[in-house]
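Engineer: Before I ask anything, here is the structure I am working with.
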Amino acid sequence: MTTRKNQHGQTPKRVESQAYHKRLCTLVLTFSVFLAWPLASYAKTNDGTDVWSVQVDRVDSGRSNLEPSFSAAIYESLLEELPKTGQFGQVFRSGDRNADAVADLLILKITISKYAPGSETMRAVTTFKGTTWISARVQLTTRDGHVVLEQSIGGNVKFLGNNLRATHNLAHNVAKTLKHSILAGPGMSALAQQARKDPILLP
């Protein structure tokens, strides 16, 4: 008995098999897109708990005489240090449009409150003079301006090292403080958020 074939020389079973695989591939692709879409907008911990993402604003020099290169160095150091904390699902630069799609987003604002440039030469010859100090007010706010955390944090260079080292130390201390802070989760009820209103911060 001969097997009937279509105009392309394919048997009905082969045509049916190809159609089945095509439908299966379409289903898998659709399912993958469905899974990937919420992951782009929501970040979760390994146990499924919602976590905040953060967008870092440009550093505000305030009334200090902090040099622009120092502000830029603090900003870039923050972008390097914050992902290491494990506190945030994603870390975004200021102006990154990808942050617009993130539902649970905090804004990190750094305002310099004090800057003493110190002296590298003096630090090289004595241990009690020439220290470079940078102090800043650190705020984490929601998109609508609700303050989740506010803290004064500093960074300095007391011994050997150039003045710019203080910018890295400040960013490191900010990241360290945030890492050890308890932030009310995005999905937490109003009552639970009130109970955890005051975050635990490093001294």
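Engineer: Go through the range 22-78 and count every residue that is within 18 Å of the chain's Cα centre (by Cα) and at pLDDT 90 or above.
Structural biologist: Summing the residues that are within 18 Å of the chain's Cα centre (by Cα) and at pLDDT 90 or above in the range 22-78 gives 15.
Engineer: Within the range 63-93, how many residues turn out to be β-branched (V, I, T) and under 14 Å from N163 (Cβ atoms)? Full working, then the answer.
Structural biologist: Restricting attention to the range 63-93, the residues satisfying the condition of being β-branched (V, I, T) are 74, 85, 91.
Filter once more, keeping what is under 14 Å from N163 (Cβ atoms): 74.
Of the residues in that region, 1 qualify.
Engineer: Can you tell me which of (1) farther than 19 Å from H180 by Cα; (2) buried (at least 19 other Cβ atoms within 10 Å of the Cβ); (3) modelled with pLDDT under 90 is the one G155 doesn't meet?
Structural biologist: Among (1) farther than 19 Å from H180 by Cα; (2) buried (at least 19 other Cβ atoms within 10 Å of the Cβ); (3) modelled with pLDDT under 90, the lone unmet condition for G155 is (1).
Engineer: Here is a further query. Got at least one residue in the range 136-151 being touching a Phe, Trp or Tyr at 6+ places or on another chain (Cβ under 9 Å) and at pLDDT below 90?
Structural biologist: no
Engineer: May I ask you to list the residues in the range 80-108 that are surrounded by fewer than 18 Cβ atoms within 10 Å (Cβ to Cβ), in contact with a strand residue (DSSP E or B) (Cβ under 8 Å, 6 or more places away or on another chain) and of a type in the set (D, E, K, R)?
Structural biologist: R93, D96
Engineer: So is Q90 of a type outside the set (A, V, I, L, M), at pLDDT 95 or above and touching a Pro at 6+ places or on another chain (Cβ under 9 Å) or not? Give the steps one after another, and end with the answer.
Structural biologist: Details: of a type outside the set (A, V, I, L, M): yes; at pLDDT 95 or above: yes; touching a Pro at 6+ places or on another chain (Cβ under 9 Å): yes.
The answer is yes for Q90.
Engineer: Using the structure shown, decide if S77 is within 15 Å of V138 (Cβ to Cβ) and either buried (at least 19 other Cβ atoms within 10 Å of the Cβ) or free of Cβ contacts under 8 Å to residues at least 24 places away in the same chain (or both). Break it down stepwise before answering.
Structural biologist: Values: within 15 Å of V138 (Cβ to Cβ): yes; either buried (at least 19 other Cβ atoms within 10 Å of the Cβ) or free of Cβ contacts under 8 Å to residues at least 24 places away in the same chain (or both): yes.
Taking the combined requirement at face value, the residue satisfies it.
Engineer: Please verify whether the range 161-168 includes one or more residues that are closer than 30 Å to Q90 by Cα, in a helix (DSSP H, G or I) and modelled with pLDDT under 90.
Structural biologist: Within the range 161-168, one or more residues are closer than 30 Å to Q90 by Cα, in a helix (DSSP H, G or I) and modelled with pLDDT under 90.
Engineer: Look at the range 96-135 and say how many of its residues are over 20 Å from H168 (Cβ atoms), part of a loop (DSSP other than H, G, I, E, B) and at pLDDT below 70. Steps first, please.
Structural biologist: Step one: filter the range 96-135 for residues over 20 Å from H168 (Cβ atoms), giving 96-107, 121-122, 125-129.
Next, from what is left, pick out any that are part of a loop (DSSP other than H, G, I, E, B): 96, 102-104, 126-129.
Okay, now just the ones that are also at pLDDT below 70, so 126-129.
Residues meeting the conditions: 4.
The values are calculated or read from the model by the stated rules, or taken from the named source; none is laboratory data. For clarity, every value in this text was computed on a predicted model and none was experimentally measured. Note that we place each Cβ from the backbone using ideal geometry, even for glycine, and neighbour counts take in every protein chain shown.
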